[in-house]
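J.: Structure incoming, see below.
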Amino acid sequence: MSRWMLAAVLALGCWSMPLSPLAWAGDGASRLDDTPYTPQKAVYHFNFSAPSQLEEGFRRVGNHVKTLEKHGDLAKSKLVVVINGNELHALARANQAVFPEIPATLAKLVQQGVVVRICGNAAQRRGYQVGDFYDLTTVVPAAVTEVTRLQNEGYAYIHLELSDALSRDKLKSLYPELAM
């Protein structure tokens, strides 16, 4: 049988098969897959447009930490944040008055085992020296080189895209026809 004929038979066979009711989205409720997570190695790459976005980025890393505490093995996991965007301004000690929540958030993440690294090239380009940042951070020569090093060591790469999360009420105001 030629490849063409085999493809035609397979295609016709697929179309003629009755579809199982399970193949359709139904009225059943979703469920939580609470399979325990094994230890994880992840590198978060922050390159945000505004310094104020650092708090949200840290919140997302905190969610990762909480999930590993509850459903995995945080003690054996390794989470690293590599920063090279405008959010690095919020980590400069001189800017603490403008970003007062950052030191406590940073300290909590570091206490939970998260490592924070700042791109030396990005810092220098923005007028900072190595010693200008909180002592809970480490300046590395270049973010891309650090991310590559970590990926070579088996770290999963996570690049956050920050957007406003729509609450159910906000979604309903945008789409009044939704049944919620």
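The values are calculated or read from the model by the stated rules, or taken from the named source; none is laboratory data. Worth saying up front: this structure is predicted, and the values here are computed from it rather than measured. Don't worry about glycine lacking a Cβ; one is built from the backbone with ideal geometry, like all the others, and counts go over all protein chains shown.
J.: Of the residues G127, G120, which single one is more than 18 Å from the chain's Cα centre (by Cα) and at positive phi?
T.: Matching residue, one of G127, G120: G127.
J.: Quick one: count up the residues across region 90-147 that are of a type in the set (F, W, Y) and either under 16 Å from F48 (Cα atoms) or assigned to a helix (DSSP H, G or I) (or both).
T.: Qualifying residue count, region 90-147: 1.
J.: Which of the numbered conditions does V81 fail, given that it passes all the others? Conditions: (1) of a type in the set (A, V, I, L, M, F, W, C); (2) surrounded by 13 or more Cβ atoms within 10 Å (Cβ to Cβ); (3) modelled with pLDDT under 95.
T.: V81 satisfies all of (1) of a type in the set (A, V, I, L, M, F, W, C); (2) surrounded by 13 or more Cβ atoms within 10 Å (Cβ to Cβ); (3) modelled with pLDDT under 95 except (3).
J.: Also, I was wondering about something else. Determine, yes or no, whether P100 is on the phi < 0 side of the Ramachandran plot, exposed (fewer than 12 other Cβ atoms within 10 Å of the Cβ) and in contact with a helix residue (DSSP H, G or I) (Cβ under 7 Å, 6 or more places away or on another chain).
T.: no
J.: To continue, here is another question. Only one of V130, V98, V140, V115 is hydrophobic (A, V, I, L, M, F, W, C), within 22 Å of Q40 (Cα to Cα) and at pLDDT 95 or above. Can you tell me which?
T.: Answer to the check: V115.
J.: Another question, if that's okay. Quick test of your reading of the structure: A165 fulfils all but one of (1) surrounded by 11 or more Cβ atoms within 10 Å (Cβ to Cβ); (2) within 22 Å of A50 (Cα to Cα). Name the failing condition by number.
T.: (1)
Residue by residue, here is whether (1) of a type outside the set (A, V, I, L, M); (2) loosely packed, with under 15 Cβ neighbours inside 10 Å; (3) assigned to a loop (DSSP other than H, G, I, E, B) holds:
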residue: D27; (1), (2), (3): yes, yes, yes
residue: D34; (1), (2), (3): yes, yes, yes
residue: P39; (1), (2), (3): yes, yes, yes
residue: V43; (1), (2), (3): no, no, no
residue: E56; (1), (2), (3): yes, no, no
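J.: Something else about it: Would you please name the residue that is farthest from I102 (Cα to Cα), looking only at residues in region 148-162 that are aliphatic (A, V, I, L, M) and part of a strand (DSSP E or B)?
T.: Initial filter on region 148-162 (aliphatic (A, V, I, L, M)): 150, 156, 158, 160, 162.
Of the ones still in play, those that are also part of a strand (DSSP E or B) are 156, 158.
Details: A156: 25, I158: 21 Å.
Here the residue is A156.
J.: Of the residues K76, K108, which single one is within 19 Å of T38 (Cβ to Cβ) and either over 17 Å from the mean Cα position of the chain (by Cα) or acidic (D, E) (or both)?
T.: Numbers: K108 fails: within 19 Å of T38 (Cβ to Cβ).
Result of the check over K76, K108: K76.
J.: Then there's this: Tell me, which residue of region 103-125 that is in contact (Cβ under 8 Å) with a residue 40 or more places away in the chain and not hydrophobic (A, V, I, L, M, F, W, C) is farthest from G72 (Cα to Cα)?
T.: Step by step, filter region 103-125, then rank; the result is T105.
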